[in-house]
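Trainee: A single structure is presented below for examination.
The values are calculated or read from the model by the stated rules, or taken from the named source; none is laboratory data. Keep in mind the model is a prediction, meaning the values are calculated, not measured. Here the Cβ positions follow ideal geometry from the backbone for every residue, glycine too, while neighbour counts run over all protein chains shown. Ligands, DNA and RNA are stripped out before the accessible areas are found, and what is left, the full protein with its side chains, is counted by its heavy atoms. Shrake-Rupley method; radii C 1.70, N 1.55, O 1.52, S 1.80 Å.
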Amino acid sequence: MAKTDRTIAAGSSSRQILLLLVVLFAGSGCAALIYEVVWYQLLQLTIGATTISLGFLLASYMGGLCIGSIALPRSKWANQHPLKLYAKLELGIAICGLLVLWLLPLIDRLYIAGSVHGMPGMLLRGLISAICLLPPTILMGASLPAIVRWTRSTLRGAEWWGLLYGGNTAGAVFGCLLAGFYLLRLFNAATATYAAAGINLLVAGVSFLVARSIPAQEPETEVGKVAANDVRSQNSGARWPVYATIALSGATALGAEVVWTRLLGMLLGATVYVFSIILAVFLVGLALGSGLGAWSLRAIKPRAALGWCQILLTLGIAWTAYMIAESLPYWPVNPLLAPDPWYIFQLDLVRCIWAILPATILWGASFPLACAAIADSSEDAGKVVGSVYAANTLGAIFGALIVSLVLIPAITTQHSQQVLLILAALSSLFVLAPAAIRARSVIRIAGLCVAMLVAGLLAWRLQPVPGELIAYGRKMATSAGHSKVLYTREGRNSSVAITRWQDGATEIDVNGHVEASSEPYDMKLQRMVGHLAALLHPNPKSVLGIGFGAGVSAGTFTRYPTIKKITVCEIEPVIPPTSTMFFAREDYAVMNNPHTTIVYDDARHFVLTTSQKFDVIASDPLDVFVKGTAALYSKEYFESIKAHLNPGGIFTLYVPLYETDLDTIKSEIATFFEAFPHGTIWSNTINGQGYDTVFMGQAEPLQINLDDVEQRLARADYADVADSLHEIGVDSAVSLFSTYTSQKSDLDTWLAGAQITHDADLRLQYLGGWGINSSLEDIIYRQLLSYRTTPSNLFTGSPDRLRSLFYAINYGGQ
């Protein structure tokens, strides 16, 4: 065969192998994102869902990728056949993924047994995250430098590095959607983990087979030799500017992702599906950008292109900030017009693509450009790619943590985006300024000055997120103009708005969804959460309130003379002082009450780790469709609540009937009754129509003596309690208890086949997110009533009071 023919044959064979590697690496990305979604869900159950806790998770995950990308090319393992090493890494990831699934319950128990609050507790959270995530993520981080070692460190090799990275990211998109819309929605964390491990094993098996039939490195062609000489001459400059630029690119990318996910979550509705869509679009942009960057390498100078890519990012960041603050919220979109969630998800996808795709493409292109900018044919490809990947990942960790933990709570999302935009512009100077100065090019220097000036103007022009978005969220198009935004504040975990409606009612909204208000029907519900438990407990002394909201439920307990200790667990520190500014009359200034202690932590984490027990636990969390809230509705969590009740203790839980469907409410009720078989359901209506409910549970069968309750309300020391009830239209025990709706024995038939929510699956958040557009509150309420029987087993008292109560229950005493 002629030399030219052999060269063509070698090149054709190499392309086929490299295309196969792209497919294999896409499989790795798919499995990695499935693991990431599952691990984040499982670990949040233990260490909590605060921004600090999630920061530890992110640092552990990204830190593992960084360590793996640096360590592998410099270890003795790097001398193995690249595909054999890659196969072993995939096999190791599968084993680690299964071990995390199987051993995490044991780690959970050890953590809960030894957990403390404050800084020691935070450090322990970080240690737990590292123990769980570092081993598999180190292997994940090592996979890219391992697989690229089959190629050579040339311009052509750099093209394939970009395509491999893009293929991996494209696989991650599929894994994100597969986990969020299928595996976890229809199955559970175990099934998702087994699917990811199966993909790893398949990739490992194919890699082992391919390794047997190909050499340890891509054959060098005459074209490759020329390219190697070209790339060596182009990349003779210092490498640290490239590392600095790609690190800052990673910082701006993850920092922006934190900001935009938070803001788009408010706009689109903070369900698990919305977060999957946002992440998928972000990854799509990275994949497209990586492919475009790799495709363009032969026509551009990589180092200069990397710098100008960061300058263009200033336009991309400004575009997204403008879309989120000044365009998308004002699109005439009514999400309630389509009860089928698929239509809304398609619209959400379009809005996400329109807003964030341009910037993500530029971030994706930065990686292959940085790799090509330092490629050297005399150096191992794994070291080149690993060092760039490590720098990018290290910057990503820094950007995500600084933005989420420091910038947003300190200077708001508006100024955080301004910082990111300026940082993107400045990062370009590391690679562009030295070249312009060496060339003594007035045009280049002037161009950079103009670019910096434009970046400054763009940053100055960025507007804050509108208060209406924080208040109304996904319903902004239909709700704007019906109330006045009085106050907004962005905290570490949540954004809060106070609005005044046309009827004079004040409302507190969190992340685009109403949390509480002074409307009469809301006031009744909030006080019922407190009064039902406190009135029925014979001598309540200590209370735990979960979720502060407007403070009304917690404030109810200040009316009781025997209660001396009120502990409120709230995840967002800005909510209690904000509520106190506007709801002090309605919540009896509970935040400033000497008996009140506020713990700023994830409620589930606090309950699992505290040694305290309480006479009453009253829970008023966010709606179940909000991502992360379902952890407060699992059977295991309810059992933990029961274990933290003193003998005779009572638990109350607010559960809405609006923005939910039959599958969701049945799952909530069935799971609650699994833990509290003696539990009861009490309803709050609007003009006789179903609206929301209070679940009440206790360890022993419930017995309510109407005469005893009436006598307590008539006592002088209970005058404040009676006044508090009178304010919500409740003037007697009969009036309060006429809100009774049902108990377990009534609903066993109706609940047959309902999903029980467990920590291992948290199916409820997927059910809740699917039914968010439902308007079935009164239909659900009527179904509950249709199964109700006269609760003779629950109530005792004088015949007249019993007759009045049962008449009110059966014939609309509400």
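Trainee: For region 446-469: of the residues being among the small types (Gly, Ala, Ser) and farther than 30 Å from ALA505 by Cβ, which is surrounded by the fewest Cβ atoms within 10 Å (Cβ to Cβ)? Break it down stepwise before answering.
Mentor: From region 446-469, those among the small types (Gly, Ala, Ser) are 446-447, 451, 455-456, 459, 467; that's our starting set.
The next check asks that each one be farther than 30 Å from ALA505 by Cβ; those that pass are 446-447, 451, 455-456, 459.
On the way: ALA446: 11, GLY447: 15, ALA451: 20, ALA455: 25, GLY456: 15, ALA459: 22.
So the residue we want is ALA446.
Trainee: Another one. Against the condition farther than 27 Å from PRO335 by Cβ and touching a His at 6+ places or on another chain (Cβ under 7 Å), how does LEU702 come out, does it pass?
Mentor: On the way: farther than 27 Å from PRO335 by Cβ: yes; touching a His at 6+ places or on another chain (Cβ under 7 Å): yes.
Yes: the conditions hold for LEU702.
Trainee: Now for a separate question. Could you please give the count of residues in region 117-157 that are farther than 30 Å from PHE606 by Cα, among the β-branched types (Val, Ile, Thr) and at pLDDT 95 or above? Walk me through how you get there before you give the answer.
Mentor: As a first pass, look at region 117-157 and keep what is farther than 30 Å from PHE606 by Cα: 138-157.
Checking the rest, the ones that are also among the β-branched types (Val, Ile, Thr) come to 138, 147-148, 151, 154.
So of that shortlist, the ones also at pLDDT 95 or above come out as 138.
Of the residues in that region, 1 qualify.
Trainee: Which of the following residues is open to solvent by 20 Å² or more (accessible area, probe 1.4 Å) and not hydroxyl-bearing (Ser, Thr, Tyr): GLY121, GLY180, GLY126, GLY205? Outline the logic, then answer.
Mentor: On the way: GLY121 fails: open to solvent by 20 Å² or more (accessible area, probe 1.4 Å); GLY180 fails: open to solvent by 20 Å² or more (accessible area, probe 1.4 Å); GLY126 fails: open to solvent by 20 Å² or more (accessible area, probe 1.4 Å).
After applying the criteria, what remains is GLY205.
Trainee: Please indicate, with yes or no, whether at least one residue in region 516-539 is assigned to a strand (DSSP E or B) and farther than 20 Å from LEU725 by Cα.
Mentor: no
Trainee: Would you point out the residue of region 381-415, among those that are among the hydroxyl-bearing types (Ser, Thr, Tyr) and under 25 Å from LEU432 (Cα atoms), that is most open to solvent (accessible area, probe 1.4 Å)?
Mentor: Taking region 381-415 and keeping what is among the hydroxyl-bearing types (Ser, Thr, Tyr), we get 387, 389, 393, 404, 412-413.
So of that shortlist, the ones also under 25 Å from LEU432 (Cα atoms) come out as 387, 389, 393.
On the way: SER387: 19, TYR389: 37, THR393: 5 Å².
That would be TYR389.
Trainee: Okay, next question. Scan (1) open to solvent by 10 Å² or more (accessible area, probe 1.4 Å); (2) farther than 20 Å from ALA699 by Cβ for the single condition PHE606 breaks and write down its number.
Mentor: (1)
Trainee: Condition first: open to solvent by 30 Å² or more (accessible area, probe 1.4 Å) and either among the small types (Gly, Ala, Ser) or within 19 Å of ILE397 (Cβ to Cβ) (or both). Now tell me which residues in region 16-36 satisfy that.
Mentor: GLU36 - this is the single residue of region 16-36 that is open to solvent by 30 Å² or more (accessible area, probe 1.4 Å) and either among the small types (Gly, Ala, Ser) or within 19 Å of ILE397 (Cβ to Cβ) (or both).
Trainee: Among the numbered criteria (1) under 14 Å from VAL655 (Cα atoms); (2) open to solvent by 20 Å² or more (accessible area, probe 1.4 Å); (3) modelled with pLDDT under 95; (4) not small (Gly, Ala, Ser), which one does LEU764 miss?
Mentor: So the condition that LEU764 fails would be (2).
Trainee: Under 7 Å between Cβ atoms, at least 6 apart or on separate chains: pull out the pairs that start in region 602-618 with a residue that is touching a residue at least 12 places away in the same chain (Cβ under 8 Å) and end on any residue that is of a type in the set (Lys, Arg) and open to solvent by 20 Å² or more (accessible area, probe 1.4 Å).
Mentor: ASP615/LYS541
Trainee: Here's another thing I want to ask about it. Out of region 142-169, which residues are of a type in the set (Phe, Trp, Tyr) and open to solvent by 10 Å² or more (accessible area, probe 1.4 Å)?
Mentor: From region 142-169, those of a type in the set (Phe, Trp, Tyr) are 150, 160-161, 165; that's our starting set.
Correct list: TRP160, TYR165.
Trainee: Is it the case that GLN755 is free of Cβ contacts under 8 Å to residues at least 60 places away in the same chain and surrounded by 14 or more Cβ atoms within 10 Å (Cβ to Cβ)?
Mentor: No; evaluated as a whole, the condition is false for this residue.
Trainee: Which residue out of LEU264, LEU306 is modelled with pLDDT of 95 or more, under 24 Å from the mean Cα position of the chain (by Cα), of a type outside the set (D, E, K, R) and part of a helix (DSSP H, G or I)? Quick ask: steps written out before the conclusion?
Mentor: On the way: LEU306 fails: under 24 Å from the mean Cα position of the chain (by Cα).
Going through LEU264, LEU306 in turn, the sole match is LEU264.
Trainee: So if I check each of GLY285, GLY291, GLY250, which one is more than 26 Å from LEU407 (Cβ to Cβ) and not hydrophobic (A, V, I, L, M, F, W, C)? It would help to see each step written out before you state the result.
Mentor: Values: GLY285 fails: more than 26 Å from LEU407 (Cβ to Cβ); GLY250 fails: more than 26 Å from LEU407 (Cβ to Cβ).
On inspection, the qualifying residue turns out to be GLY291.
Trainee: Follow-up. Among the residues of region 57-69, is there at least one that is open to solvent by 10 Å² or more (accessible area, probe 1.4 Å) and under 12 Å from the mean Cα position of the chain (by Cα)?
Mentor: For region 57-69, residues open to solvent by 10 Å² or more (accessible area, probe 1.4 Å) and under 12 Å from the mean Cα position of the chain (by Cα): present.
Trainee: Then there is this: Under the condition of being assigned to a strand (DSSP E or B) and out of contact with any helix residue (DSSP H, G or I) (no Cβ under 6 Å at 6 or more places or on another chain), which residue from region 618-653 is surrounded by the fewest Cβ atoms within 10 Å (Cβ to Cβ)?
Mentor: Residues of region 618-653 that are assigned to a strand (DSSP E or B), as a first pass: 618-619, 645-653.
Remaining after also requiring out of contact with any helix residue (DSSP H, G or I) (no Cβ under 6 Å at 6 or more places or on another chain): 619, 645-649, 653.
Values: SER619: 25, LEU645: 19, ASN646: 15, PRO647: 8, GLY648: 14, GLY649: 24, LEU653: 25.
Among residues in region 618-653 that are assigned to a strand (DSSP E or B) and out of contact with any helix residue (DSSP H, G or I) (no Cβ under 6 Å at 6 or more places or on another chain), the one surrounded by the fewest Cβ atoms within 10 Å (Cβ to Cβ) is PRO647.
Trainee: To continue, here is another question. If I ask for residues that are open to solvent by 20 Å² or more (accessible area, probe 1.4 Å) and under 24 Å from the mean Cα position of the chain (by Cα), which ones from region 548-590 would you list?
Mentor: ILE571, PRO573
Trainee: Something else about it: Can you work out which of the residues in region 470-494 that are assigned to a strand (DSSP E or B) and touching a strand residue (DSSP E or B) at 6+ places or on another chain (Cβ under 7 Å) is least open to solvent (accessible area, probe 1.4 Å)?
Mentor: Quick first cut of region 470-494, residues assigned to a strand (DSSP E or B) only: 483-490.
From the residues that got through so far, the ones that are touching a strand residue (DSSP E or B) at 6+ places or on another chain (Cβ under 7 Å) too are 483-489.
On the way: SER483: 23, LYS484: 135, VAL485: 43, LEU486: 67, TYR487: 62, THR488: 62, ARG489: 103 Å².
Applying the filter and picking the extreme gives SER483.
Trainee: Pick from region 773-787 the residues that are of a type outside the set (A, V, I, L, M) and open to solvent by 30 Å² or more (accessible area, probe 1.4 Å): which of them is modelled with the lowest pLDDT? Walk me through how you get there before you give the answer.
Mentor: Start the filter on region 773-787 by keeping residues that are of a type outside the set (A, V, I, L, M), which leaves 773-775, 777-778, 781-783, 786-787.
Add one more test, that the residue is open to solvent by 30 Å² or more (accessible area, probe 1.4 Å), and what stays is 775, 777-778, 782-783, 786-787.
Working: SER775: 90, GLU777: 96, ASP778: 96, ARG782: 96, GLN783: 97, SER786: 95, TYR787: 96.
Checked region 773-787; the qualifying residue modelled with the lowest pLDDT is SER775.
Trainee: Taking only region 495-507 into account, find how many residues are assigned to a strand (DSSP E or B) and touching a Ser or Thr at 6+ places or on another chain (Cβ under 6 Å).
Mentor: Pass one, region 495-507, residues assigned to a strand (DSSP E or B): 495-501, 506-507.
From the residues that got through so far, the ones that are touching a Ser or Thr at 6+ places or on another chain (Cβ under 6 Å) too are 496-497, 499-501, 506-507.
Selection size over region 495-507: 7.
Trainee: Quick one: in region 495-515, which of the residues that are free of Cβ contacts under 8 Å to residues at least 40 places away in the same chain and within 18 Å of GLY547 (Cβ to Cβ) is surrounded by the most Cβ atoms within 10 Å (Cβ to Cβ)? Working first, answer last.
Mentor: Filtering region 495-515 for residues free of Cβ contacts under 8 Å to residues at least 40 places away in the same chain gives 497, 499-505, 507, 509, 514.
Narrowing further to those that are within 18 Å of GLY547 (Cβ to Cβ): 497, 507, 509, 514.
Details: ALA497: 29, GLU507: 22, ASP509: 27, VAL514: 20.
Only one residue fits best here, namely ALA497.
Trainee: Which residue is surrounded by the most Cβ atoms within 10 Å (Cβ to Cβ), if the candidates are limited to region 416-436 and must be assigned to a helix (DSSP H, G or I) and polar (S, T, N, Q)?
Mentor: Filtering region 416-436 down to residues assigned to a helix (DSSP H, G or I) leaves 416-427, 429-436.
Of the ones still in play, those that are also polar (S, T, N, Q) are 416-418, 427.
Working: SER416: 26, GLN417: 30, GLN418: 23, SER427: 27.
The qualifying residue surrounded by the most Cβ atoms within 10 Å (Cβ to Cβ) is GLN417.
Trainee: Could you list, in sequence order, all residues of region 1-52 that are at pLDDT 80 or above, small (Gly, Ala, Ser) and in a helix (DSSP H, G or I)?
Mentor: Of everything in region 1-52, those that are at pLDDT 80 or above, small (Gly, Ala, Ser) and in a helix (DSSP H, G or I) turn out to be ALA26, GLY27, SER28, GLY29, ALA31, ALA32.
Trainee: Sticking with this structure for a sec: Kindly provide the set of residues from region 359-380 that are open to solvent by less than 10 Å² (accessible area, probe 1.4 Å) and not in a helix (DSSP H, G or I), ordered by number.
Mentor: The one that is open to solvent by less than 10 Å² (accessible area, probe 1.4 Å) and not in a helix (DSSP H, G or I): ALA375.
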